[in-house]
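Contents: one structure, followed by commentary.
Read-outs: derived from the displayed coordinates by stated rules, not from any lab. What you are looking at is a predicted structure, and each value in this text was computed from that prediction instead of being measured. Backbone-built Cβ (ideal geometry, glycine too); neighbour counts: all protein chains shown.
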Amino acid sequence: MAKDPICGRAVEVRGNSTPSAEYKKRHYFFCSERCLSAFRQRAERFRLHELWRAGAMFSKGAVTWALA
């Protein structure tokens, strides 16, 4: 099971039939083509949000990791 980064739904990965995308060496899975399209339009925004949730702190071009 994977989580759709757009709508947050659980996605059952079924080979090539599941909509997916790769961005910066990471695979993302989606519940529909609509969510996949939304991700492609704003992929960098979702990636930065994911880093923020993981605890990355950005300052003047550097990334510092901390507990959030």
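Miscellaneous remarks
- Cβ-based net charge around Arg45, under 14 Å, with every Lys or Arg adding one and every Asp or Glu removing one: +3
- Cβ-Cβ distance of Glu44 and Ala2, R₀ of 22 Å, FRET efficiency by 1/(1 + (r/R0)^6): the value works out to about 0.65.
- Tail weight of P(r) past 19 Å, computed on alpha-carbon pairs of segment 2-55, percent: 20
- Estimated from the Cβ-Cβ distance and a Förster radius of 25 angstrom, the FRET efficiency linking Arg53 and Arg14 is about 0.40.
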